[in-house]
Amino acid sequence: MSNPPIDSLSTTLTLFCVGCNQRFLQPVKGGVCPNCGERCIWNDTSTQETILTQVSEPPAEASRGIARVTDAEDPLIGRTLHVYQCISLIGSGGMGRVYLALHSDLQRRCALKILSPKHGPADDEYIERFVQEGRAAAALVHPNIVTVHAVGQVEGTHFLEMEFISGRSLQELINDQGALPVTRSLALASGAADGLAAAHREGIIHRDIKPDNLMLTRRGIPKLSDFGLAKRVLNSQGRPVAEGLCGTPNFMAPELFNGEPAGPASDVYALGICLYLMLSGELPYRAESLAQLRFRGRNETSIPNIRDKRPELGLEVASAVAAMTDPVPGNRPRDAVEVAQLLHAVLGHERDLESLLIEAFRHETSVVWERNGDGYILTRTLPGNRSQRVFLEPSSHDVSDRLLLFYSICCPAEPEYYEQALRLNSAMLHGSLALREIDGQPHFVVVDTYPRATVDPEEIRRTVLEIAHHADNVEHLLTGLDRH
């Protein structure tokens, strides 16, 4: 017995963002696009030509105000399609859905992207390109590319089996955190450039580089997805605006609006816009319509200087962004190979703190952390139902002299504590007790520092654990409280 058709659900009204070339199932808060902040227009999924991007587990749509079809409403959940047992729905759109699935022969989890049965003859070219690009992408094996395991057709349905990434997209990260630290932005962009370079070496153009197509693993490794599967650019009525014009307008290079074919340089431009977005938390400019985006792409000489948004950025960072987004294709790095070299040179040997923390604590369940500006606040759970916070902050020195400061607050530095505090300090083997002004009042803190350029995950792990232990011990012995 065959499965029910995938497009058997009733048509649902959606909100469509022209700049992002994407529809969102109602309700979206205030009718505003959760990606670019522009007001959306109403439409319905019957004209949607959306290719799904792989999303995180569990689904993050709820946090962005996006309703999703529930597993109970989906005809494939709990069913088997070919060798794939569909476990849950992790993404949906007018052209199909993405499922978390189990490959029954290999007993491995995967992301199964399924296109809905064809809506009409206009989809023939699209499906042919879907199959061709799927086969090409399957030949790309790189740490920064979502691996395509198989492409095929069964029971009249076209599918793509991909590596399942149990993290989240770059877009979701930016939605949650806004602008990212400089080293984190450069690390993510350079990782994406490494993956894109592997594709460019094989003559494969991505055509739709954007934060939704850049997945982050739980270890913070960026992986590009959806090679060559760019959506056709639609107008507000849901119809293609020009033959062959594909991508996401907010990230499309100016020459694409002029009818030139996509190439390595247009991928470079899109990655440059992604880097601008990571560094600033905003797109370079917004537009109320596709026509306005096309006009800007054709007539503006360059995007705004990133240092207008973040004046503290170094000239080398701003120059890299400007080079990648130059309106003239010949003035940009020629391809992602050159971009990767450029970004790695700007980043140097310094690893971003986020990836260091992920590696340091991936097996340590007693520590959680959150971003605090350019630093982090780590909370360690301790015995006796106690906890202690450790602050991690990079210094503002030049790159070669930059330090990484660890400190944990013990208690206010009351005069009656001084003598006992000195005795406790002499017994510490890791870190030392010092005075630091907190909210205008001197406090005892346990501190330690490392050179920022050479600190490794094990040093971070050990330092956080020991500083938290010593600071909590000092607070407990001096005050009997657990406030920090």
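Conditions (1) in contact (Cβ under 8 Å) with a residue 40 or more places away in the chain; (2) under 17 Å from residue 209 (Cβ atoms); (3) of a type in the set (Ser, Thr, Tyr); (4) not assigned by TED's automatic domain parsing to the domain that holds residue 222, marked per residue:
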| position | (1), (2), (3), (4) |
| --- | --- |
| 128 | no, no, no, yes |
| 133 | yes, yes, no, yes |
| 139 | yes, no, no, yes |
| 142 | yes, yes, no, yes |
| 146 | yes, yes, no, yes |
| 150 | no, no, no, yes |
| 153 | no, no, no, yes |
Out of all the residues in the stretch 368-376, is one or more part of a helix (DSSP H, G or I), out of contact with any strand residue (DSSP E or B) (no Cβ under 6 Å at 6 or more places or on another chain) and among the polar types (S, T, N, Q)? no
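Take the residues of the stretch 159-204 that are basic (Lys, Arg) and within 13 Å of the chain's Cα centre (by Cα): which is nearest to residue 254 (Cα to Cα)?
The initial filter retains those residues of the stretch 159-204 that are basic (Lys, Arg), namely 168, 184, 201.
Cutting the leftovers down to within 13 Å of the chain's Cα centre (by Cα) gives us 168, 184.
Details: 168: 29, 184: 27 Å.
The selected residue is 184.
Each row is one residue, and each column tells you yes or no for (1) in the same structural domain as residue 111 (by TED's automatic domain parsing); (2) more than 17 Å from residue 250 (Cα to Cα); (3) modelled with pLDDT under 90.
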{"position": "206", "(1), (2), (3)": "no, no, no"}
{"position": "216", "(1), (2), (3)": "no, yes, no"}
{"position": "223", "(1), (2), (3)": "no, yes, no"}
{"position": "226", "(1), (2), (3)": "no, yes, yes"}
{"position": "231", "(1), (2), (3)": "no, no, yes"}
{"position": "235", "(1), (2), (3)": "no, no, yes"}
Answer with yes or no whether residue 460 is assigned to a helix (DSSP H, G or I), assigned by TED's automatic domain parsing to the domain that holds residue 381 and at pLDDT 90 or above. yes
Test each condition in (1) part of a loop (DSSP other than H, G, I, E, B); (2) within 24 Å of residue 179 (Cβ to Cβ); (3) at pLDDT below 95 for residue 363 and report the one that comes out false. (2)
Can you name every one of the helices (runs of 4 or more DSSP H) wholly within the stretch 252-341 that holds 3 or more residues which are among the small types (Gly, Ala, Ser)? 264-280, 315-324
Positions within the stretch 168-196 being of a type in the set (Gly, Ala, Ser) and surrounded by fewer than 20 Cβ atoms within 10 Å (Cβ to Cβ), in sequence order: 178, 179
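Does the stretch 289-312 include one or more residues that are aromatic (Phe, Trp, Tyr) and at pLDDT below 95?
The initial filter retains those residues of the stretch 289-312 that are aromatic (Phe, Trp, Tyr), namely 295.
Narrowing further to those that are at pLDDT below 95: 295.
Yes, that holds for at least one residue.
The values are calculated or read from the model by the stated rules, or taken from the named source; none is laboratory data. Since this is a predicted model, take the numbers as computed values, not measurements. Every residue, glycine as well, gets a Cβ built from its backbone with ideal geometry; the counts of neighbours run over all protein chains shown.
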